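Colleague: Quick one: structure below, then a few questions.
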Amino acid sequence: MNIMDRIIISGGGTGGHIYPGIAIANELLLLKDDPSAGSEQALEIIFVGGKNRLEAKIIPRYNFPFIPISVAGFPRRLTWRWFQVIPKVLLGIIDSFRLLRRLKPKVVIGTGGYVCGPILLAAALLRIPTLIQEQNAIPGLTNRILGRFVDEIHVAFEEAVDYFEAAKSTTRLIPEGGSKGGKVRVTGNPIRREIRLLSEAKTKEARWQEGFSNAPLYAKFGLESGKKTVFVMGGSQGAHPINVAIIEALNTLEPFASKLQIIHQTGQDDYELVKSEYAKRVANIKNLVQPYFENIPEIYALADLMICRTGAMTIAEITAYGLPAILIPYPHSTGGHQLINAQAMANKGAGIIINDAELTGELLAKKLIELLKDEQRLEQMAAASKSLGKPKAAEVIAKAILKLAV
């Protein structure tokens, strides 16, 4: 690559599409001075997305340039709204052609969401190298369509490969490290570098097998290093059914206070309710309850067991740490992808699934107590989780991008 080469990244609508792009961008900046990565000196990374969408708010916080274009998504069913959307999509493609001709990027990357459709399609037509990264076991519609045109497809789950039907005759699955002639790669989901580094230093596997202790970190959060730490997380916004089930389970868990402590990310809406219920129902179980944890890498490092939803990035992060989990898929995820994500983990013995419709405090307490009583099973689940983790996904993808840019 030459001085001041540009790379464009597009993806948005949800944090699950935005943060992988940020992780890739930061890894590219770290590699830019590494001759072995095929990069030389300055590199400019520009994000492209919708003007009034989530990406327009998040990307500038990470000090990356952001350029808005016209974007719109087609309804999943053919309705009269299609006729409203078509002009916006065409305008987005026209905007993308103009933008690409002006910026002349070396590579254009898509991380999902309909926002990346116009810019990736325009780049492919202009013969600019392209790459998409798919987070879920069931790929989104935009990425499935783009799979016909792009140069490389990086997926997080092996289950996703077969969804790129149009690519089957010309592509084949190749190993994470890459090889000649392939287009689809199972590289995992790119996670934030700070999560990756702390996961490498403070994995549960290291604690169990090498007597690892991070007692100072426990003390920082008012917890005890000799207890099993359960981290309850329904995503950044929380999950009301999980919050309710935990509240209902507390009385049953109280007799295990000498062995158990709970970290609980509630989301803003349920925070006051959950906090007050802990105060009412348990006197002896140590707990740390917050609406949201900014220092999530440290919280993961404290945890021995997760109770969580199964969004793709959550799975990527907890497997990087080698955390076993009680998995509660969000039942209304697009195409049921959270269930498929959960099954990919459960099938390897890294987690157990409780369907949302079956979730009760009684059932959750039963499953949790069974695991707390079976240290050997927890260790086996942790090892299985660690085997699924791909903490270097961002680095692998970034190096592939730099090769495309040469």
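Colleague: Only residues that are more than 23 Å from Gln261 (Cα to Cα) and touching a helix residue (DSSP H, G or I) at 6+ places or on another chain (Cβ under 9 Å): list them for the range 357-395, please. Write out each step before concluding.
Modeller: To start, the set of residues in the range 357-395 that are more than 23 Å from Gln261 (Cα to Cα) comprises 357-358, 384, 387-395.
Passing the criteria: Ala384, Ser387, Leu388, Gly389, Lys390, Pro391, Lys392, Ala393, Ala394, Glu395.
Colleague: Moving to a separate point now. Could you check, for the range 15-23, whether at least one of its residues is at pLDDT below 90 and in the same structural domain as Gly112 (by TED's automatic domain parsing)?
Modeller: Our first condition is that a residue be at pLDDT below 90; within the range 15-23, this holds for 15-16.
With in the same structural domain as Gly112 (by TED's automatic domain parsing) added as a condition, the list becomes 15-16.
Scanning the range 15-23 turns up at least one residue that is at pLDDT below 90 and in the same structural domain as Gly112 (by TED's automatic domain parsing).
Colleague: Among the residues of the range 160-170, is any at pLDDT 85 or above, under 20 Å from Ala350 (Cα atoms) and crowded, with 16+ Cβ neighbours inside 10 Å?
Modeller: For the range 160-170, residues at pLDDT 85 or above, under 20 Å from Ala350 (Cα atoms) and crowded, with 16+ Cβ neighbours inside 10 Å: present.
Colleague: Being at pLDDT below 90, touching a Lys or Arg at 6+ places or on another chain (Cβ under 7 Å) and on the phi > 0 side of the Ramachandran plot narrows it down to one residue among Gly188, Gly178; which is it? Working first, answer last.
Modeller: Values: Gly188 fails: at pLDDT below 90.
Going through Gly188, Gly178 in turn, the sole match is Gly178.
Colleague: Within the range 304-313, work out how many residues are outside any loop (DSSP other than H, G, I, E, B) and modelled with pLDDT of 95 or more. If you could, list the steps in order and put the result at the bottom.
Modeller: Here is the first cut: in the range 304-313, the ones outside any loop (DSSP other than H, G, I, E, B) are 305-308, 312-313.
If we keep only those that are modelled with pLDDT of 95 or more too, we end up with 305-308.
Residues in the range 304-313 being outside any loop (DSSP other than H, G, I, E, B) and modelled with pLDDT of 95 or more: 4 in total.
Colleague: Give the residues of the range 102-132 that are assigned to a helix (DSSP H, G or I) and surrounded by fewer than 24 Cβ atoms within 10 Å (Cβ to Cβ), sorted by residue number.
Modeller: Kept after step one, since they are assigned to a helix (DSSP H, G or I), are these residues of the range 102-132: 102-103, 114-125.
Result: Arg102, Leu103, Tyr114, Ala122, Ala124, Leu125.
Colleague: I need a count of the residues in the range 136-159 that are crowded, with 23+ Cβ neighbours inside 10 Å, at pLDDT below 90 and assigned to a helix (DSSP H, G or I).
Modeller: Residues in the range 136-159 being crowded, with 23+ Cβ neighbours inside 10 Å, at pLDDT below 90 and assigned to a helix (DSSP H, G or I): 1 in total.
Colleague: So, in the range 318-329, how many residues would count as being at pLDDT 95 or above and over 22 Å from Asp374 (Cα atoms)?
Modeller: Going through the range 318-329 one residue at a time, the tally reaches 1.
Colleague: Return only the number of the condition from (1) under 30 Å from Ser387 (Cβ atoms); (2) surrounded by fewer than 18 Cβ atoms within 10 Å (Cβ to Cβ); (3) free of Cβ contacts under 8 Å to residues at least 40 places away in the same chain that Ser276 does not satisfy.
Modeller: Against the list (1) under 30 Å from Ser387 (Cβ atoms); (2) surrounded by fewer than 18 Cβ atoms within 10 Å (Cβ to Cβ); (3) free of Cβ contacts under 8 Å to residues at least 40 places away in the same chain, Ser276 comes up short only on (1).
Colleague: Would you mention how many residues in the range 108-129 are touching a residue at least 40 places away in the same chain (Cβ under 8 Å), β-branched (Val, Ile, Thr) and either closer than 11 Å to Val150 by Cα or in contact with a Cys (Cβ under 9 Å, 6 or more places away or on another chain) (or both)?
Modeller: The number of residues fulfilling the criteria is 2.
Colleague: Let me ask another. Residues in the range 340-363 that are of a type in the set (Val, Ile, Thr), in a helix (DSSP H, G or I) and exposed (fewer than 15 other Cβ atoms within 10 Å of the Cβ): how many? Break it down stepwise before answering.
Modeller: Kept after step one, since they are of a type in the set (Val, Ile, Thr), are these residues of the range 340-363: 340, 352-354, 360.
Cutting the leftovers down to in a helix (DSSP H, G or I) gives us 340.
Going one step further and asking which of them are exposed (fewer than 15 other Cβ atoms within 10 Å of the Cβ), we end up with none.
Number of matching residues: 0.
Colleague: What tally of residues in the range 279-302 results from selecting those that are of a type in the set (A, V, I, L, M, F, W, C) and surrounded by 24 or more Cβ atoms within 10 Å (Cβ to Cβ)? Write out each step before concluding.
Modeller: We begin by selecting, within the range 279-302, every residue of a type in the set (A, V, I, L, M, F, W, C); these are 279, 282-283, 285, 288-289, 293, 296, 299, 301-302.
Checking which are surrounded by 24 or more Cβ atoms within 10 Å (Cβ to Cβ) leaves us with none.
Number of matching residues: 0.
Colleague: Answer yes if at least one residue in the range 329-352 is within 17 Å of Pro241 (Cβ to Cβ) and of a type in the set (Ser, Thr, Tyr), and no otherwise.
Modeller: yes
Colleague: With (1) of a type in the set (Gly, Ala, Ser); (2) outside any loop (DSSP other than H, G, I, E, B); (3) at pLDDT below 90; (4) within 28 Å of Ala357 (Cβ to Cβ) as the list, and Ala245 as the residue in question, which single condition is left unmet?
Modeller: Unmet for Ala245, out of (1) of a type in the set (Gly, Ala, Ser); (2) outside any loop (DSSP other than H, G, I, E, B); (3) at pLDDT below 90; (4) within 28 Å of Ala357 (Cβ to Cβ): (3).
The values are calculated or read from the model by the stated rules, or taken from the named source; none is laboratory data. In this text, all values refer to a predicted model and were calculated from it rather than measured experimentally. Here Cβ is always computed from backbone atoms with ideal geometry, including for glycine, and neighbour counts include all displayed protein chains.
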